[in-house]
Amino acid sequence: MSARLSPRALRMGAAHIAVATSLLFGSAAFAQDDAATNADDSGIHEIVVTAQFKSQDVQTAPLAITAVDAQTMEARSQTNVQDVAQRAPSVSFSAGGQGGGAQTAAVNIRGIGQSDFQFPNEPGVGIYIDDVYYGISFGTAFDLVDLDRVEILRGPQGTLSGKNSIGGSIKLFSRKPDDNPDAYAELTAGSFDRIGVKAATNVTIVPDKLYVRLTGIGKYVDGYVKRLDYECVTGNPAPGGTFATSDDKCVIGTEGGQKVLAGRAAVRWIVNDRIEDNLIADVTRDRSEASPAKAIYLPAAATGGVDYLTGPHDYTNYSTYTGYPGTDQQYTLAAISYLNSWGVSNNLAIDLTDDLKLTSITAFRHADGQSAWDGDNSPVNLANNWSTFDHDQFTQELRLSASVGDTADITVGGYYYDAHSHVGGRVNVGVAGLDFVSNDPFDQTSKSLFAHGVLHVTDRFNLTGGVRYTKESKTYTFSRTSPIAGVPTDFRVAALDGVEAGFKGDRVDWRVAADYEVVDDVRLYGQVSTGFKGGGVNPRPYYVDQVVPYGQETATSYEAGIKTMLFDRKLRLNGAYYHTDYKNYQGLVSICHDITPEYLWNTPGDLCSATRNVGDAKIDGFEAEFEAQPVKGLSIDGSVSYTDFRFTKSLLDGSGIVPGVTEAPFVPKWKYAVGAQYEIGLGEKVGTLTPRLDWTWQSSMQSNIPNNVTGYLLGEVEARGLLNARLTYRSPDDGWELSVAATNLTDKFYYVNKYDRVVQSGNAYGMPGRPREIIVSVKRNF
């Protein structure tokens, strides 16, 4: 269970930890000296979480949790889930990669997660809103709308959250309506013609009985990556012709723009002192542009020796989204990423007795969308795809919770998930001469029973145990037709039309934990927990032989941690070490001769993009988080994490895994964040001014298996550090707020992720992060 740290890693780690701990212990000492003079301050406020089916202080929960409330998210200029995850230790979050659409999330926690958006490849990090599970990665790159808090649970959550939380889970909780108006209206303007509006209010229908909360959001911002017309810029002809002129400044369009409208209504009915019902309905209409991308490498054989790469730090590309350029079959896709989603959920809580509570959570959700992907980001036609999807899911969870005096808390329950989806669109792999239309129905169900209990041995010592049984079933039907009238479907995929395949499996997950409060506000804990990610069917077969199932991923994690609240609540310091045994890693392979007809080997028809169980691994790491308020008005917070992911075994020829050498995709070894703010009093009649700085850093990471196919590090995402700043004025009565914020203050060019597709389509590309943006907002609180 010991972490294997290389000398280089130790040197890097020492430097990174020094940055965080210098602030940490400096502020701790400051807090200790100042404790007597500020004894009347309340200190760091408590954050209540419900990770273990019961409300409790985050400091008493025996597992690693990052909990962030609405006030902190606003101070940090965090407007979406990705922003929150960026600051959390051991969490990697990116959106919009590999043609999944700008709203599609790929999340990893402690090295475990998902990098493929296709429905059968389920997420490894569960995402929940108000305890409702979102079963697909489409549409999970949420904006933060009227939230109370976000909980990020790290490590396998097989008993607490269920399947597909093998890496952890991210839970968003919205504000509940009550008799406090809690109303606000906020206007935002900024770089790239950004304009936004948010508003919310509570409405009392029947005092002490019935409340409604209404929330709305609108956001528009231009794209930050310009699509240039190659012929217009250079004067040289390009495949497909001209798409823009000098009158347009040679700009065809942009990528990365957003246009979102969303609304939410929550109804809270307090029937009596024992029954409460919360009904929530939400709707989102997203008309964003395609995900921003930039070509890094293009093969000369495909481009005719023409250089279609733009400047290395330019936010530009030569994407045309055009297939068959210069031929009678030429077509051009709209560079869009659209999403429609809506849902209804109901949470009914009944106190059957003083010590027995029944909770029912019922929900239905719908999502559909379409997006374009110019896979080569150039005028040539290496890959040019159009994706469509729709998804309906129904979920029902029942919990029965009991308290046995002060001795024990017990929860038992059941969960049901039923989903029906379609994945389709046009796949044009021009480099291989393959073009087809798909419309694949995918149905799945999942059923589980679970039990969770906490035994309070003494008022300081607790034992926790849990178990969950899950049974899953999936059916996938393939549809393959020709997109061109009168042209037969390509023989390589024609035989797939109508083929049906499925997967069935079950799993028992368990958890045991112990925690002990050594002295007041200093708690030690240890736990062993398991989790799994569902199995499925390879969703990208090019031949019938490639319709193969893959098994469940499994993980067993051993964790020890400490949680402290020190110096009269002026310093919160939490840390954890973990070791994970990770089995049956689900990876994407580009060479699969064992399921490809032999006569096609080493020819242009030797195509593979299959999800398989490719390896086993061991993961060791540690995390630390702190929050300090050494003097009144000053707040400092930060985190650091180290993740050592090591493949120990390759399960498949062609996996690309070399045990002990290959790095897992989207797993930076080191990550840290530090932020500070100070509230300056301007006088009782003037208000306050609060400046804040936030710095985040993560080490380099790989984006593909195998790593570094060409020897040019095309799939390596470089290390990056980003600085954000915010200045907020508040009126004396907190009725008005005026903020000026800068994200990526140093205007650093960096890639969020990269994709080395040399084996599949001969090219490589990356997704540039957002450049510096200045944002001004005015908020009125009522």
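The values are calculated or read from the model by the stated rules, or taken from the named source; none is laboratory data. These numbers were taken from a predicted model, which means no experiment stands behind them. A quick note on method: Cβ atoms are made from the backbone with ideal geometry, for glycine too, and the neighbour counts reach across all protein chains shown. These accessible areas exclude ligands, DNA and RNA; they are computed on the full protein's heavy atoms, side chains included. Shrake-Rupley method; radii C 1.70, N 1.55, O 1.52, S 1.80 Å.
Details
- Between region 502-553 and region 621-699, the C-alpha centres lie 24 angstrom from each other.
- Think of each Lys and Arg Cβ as +1 and each Asp and Glu Cβ as -1; about the Cα centre, that makes the dipole of region 410-509 roughly 240 debye.
- Two-site FRET efficiency, V519 against D406, from Cβ-Cβ distance with R₀ of 22 Å, rounded to 0.05: 0.60
- Each of L147, T696, Y308 was scored by the projection of its Cα onto the charge dipole of the chain, and the greatest displacement toward the positive side belongs to Y308; charges sit on the C-beta of Lys, Arg, Asp and Glu.
- Rounded to the nearest 20 debye, the dipole size of region 538-610 about its Cα centre is 760 debye, using +1 on the Cβ of Lys and Arg and -1 on the Cβ of Asp and Glu.
- FRET efficiency for the pair L693 and S246, taken as 1/(1 + (r/R0)^6) with r the Cβ-Cβ distance and R0 = 51 Å, rounds to 0.75.
- Here's the list of aspartates and glutamates a cross-link from K649 could span, going by alpha-carbon distance under 19 Å and ignoring same-chain residues fewer than 8 apart: E553, D581, D594, D616, D620, E663.
- Linear extension gain, D392 paired with K447, 0.36 nm per residue minus alpha-carbon span: 18.1 nm
- 16 Å Cα-Cα reach of K504 towards lysines, excluding residues that sit fewer than 8 places from it in its own chain: K163, K447, K471, K474, K533
- Low-density loop positions, trypsin sites (Lys or Arg not before Pro), region 239-285 - DSSP coil, at most 15 other Cβ in 10 Å: K249, R274
- Of the trypsin sites (Lys or Arg not before Pro) in region 639-743, the ones in a loop by DSSP (not H, G, I, E or B) with at most 16 other beta carbons within 10 Å are K685.
- Nearest-ten-degree value, helix 7-34 long axis tilted from longest Cα axis of the chain: 30 degrees
- In the chain, taking the dipole from charged Cβ atoms about the Cα centre, the farthest positive-side position among T611, A290, F93 is held by T611.
- Cβ-Cβ distance of T481 and E684, R₀ of 51 Å, FRET efficiency by 1/(1 + (r/R0)^6): the value works out to about 0.10.
- Here the contact order of region 355-404, divided by its residue count and restricted to Cα pairs under 8 Å and six or more residues apart, works out to 54 percent.
- Note on the chain: helix-only mean residue ellipticity at 222 nm, from DSSP H runs of 4+ residues weighted -39500 (n - 2.57) and normalised by residue number, equals -2000 deg cm²/dmol.
- Set K570/K618; K171/K671; K570/K685; K357/K583; K563/K618; K259/K748 screened for pairs whose C-alpha atoms are more than 32 Å apart: K570/K618; K357/K583
- Gap separating the Cα centres of region 705-757 and region 266-295, nearest whole Å: 27 Å
- Placing unit charges on the Cβ atoms of the charged side chains and taking the dipole of region 148-250 about its Cα centre, the candidate lying farthest along the positive direction among G240, L214, A189 is L214.
- Carbon-plus-sulfur accessible fraction, the chain (probe radius 1.4 Å, protein heavy atoms only): 57%.
- Local electrostatic count, A367, Cβ distance below 12 Å [Lys/Arg +1, Asp/Glu -1]: -3
- Over region 252-401, relative contact order from alpha-carbon pairs under 8 Å, at least 6 apart, %: 23 percent
- In percent, rounded to a whole number, the relative contact order of the chain is 12, using alpha-carbon pairs under 8 Å and six or more apart.
- Accessible area of the chain divided out per residue, in Å², using a probe of 1.4 angstrom: 39 Å²
- Simple point charges give the picture: +1 on the Cβ of Lys and Arg, -1 on the Cβ of Asp and Glu, and for region 332-401 a dipole about the Cα centre of about 40 debye.
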